[in-house]
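To start, the structure under review is shown below, and the notes come after it.
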Amino acid sequence: MLPLPAPRRATTPLLAAPLALGLVLGLAACSGGDEGVDPSTADWPEAVAPAEADGDLWVVWTAVAEAGDEGGLEEEVTRLGELGYDAEAWDPACQEGAAETLAGLTEFADPVGVGLAFASAEDAGVFDTRYEGETVSITPGAYTCS
């Protein structure tokens, strides 16, 4: 059974990065010259393979379960596949700070989740805005597993 997602506009410090991302994207759209990206009309951003990425990633986690209960994540994998993304459940401990963030939001001691990795905060923000499903969290940080 999938947990109920945390509210998207929670005021916990753990969600400060997504809120700051929205502010940055909003300010970029208001600046002169470069009009920024309108997420509602932008192409769906390309996800990157976490193990092949250089530097920091921005992972949009769309579903989380307790380790050992990954079967409940298959519906989310299918939904993302229908959008053209090669998604799968993976261990958030493989991204700096992600496991702690997701554990804090879901109260799972050992979370596993479906997350799409993007090369930039802007791409993660465009995906999050366009995606009609739930977003549990967006976590920045380097991939740490080999």
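The values are calculated or read from the model by the stated rules, or taken from the named source; none is laboratory data. These numbers come from a predicted model, not from an experiment. Virtual Cβ from ideal backbone geometry, glycine too; neighbours counted across all protein chains shown. Ligands, DNA and RNA are excluded from the accessible area calculation, which covers all protein heavy atoms including side chains. Shrake-Rupley method; radii C 1.70, N 1.55, O 1.52, S 1.80 Å.
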(message) One residue is enough: does the range 111-119 have a residue meeting the conditions open to solvent by 30 Å² or more (accessible area, probe 1.4 Å) and not in a loop (DSSP other than H, G, I, E, B)?
(response) no
(message) Given the criterion surrounded by 15 or more Cβ atoms within 10 Å (Cβ to Cβ), modelled with pLDDT under 95 and either more than 14 Å from Ala63 (Cα to Cα) or not charged (D, E, K, R) (or both), identify the matching residue among Thr139, Thr129.
(response) Thr129
(request) Just give me the residues in the range 67-82 being modelled with pLDDT of 95 or more and either touching a Pro at 6+ places or on another chain (Cβ under 9 Å) or among the hydrophobic types (A, V, I, L, M, F, W, C) (or both), in sequence order. (result) Leu73, Val77, Leu80
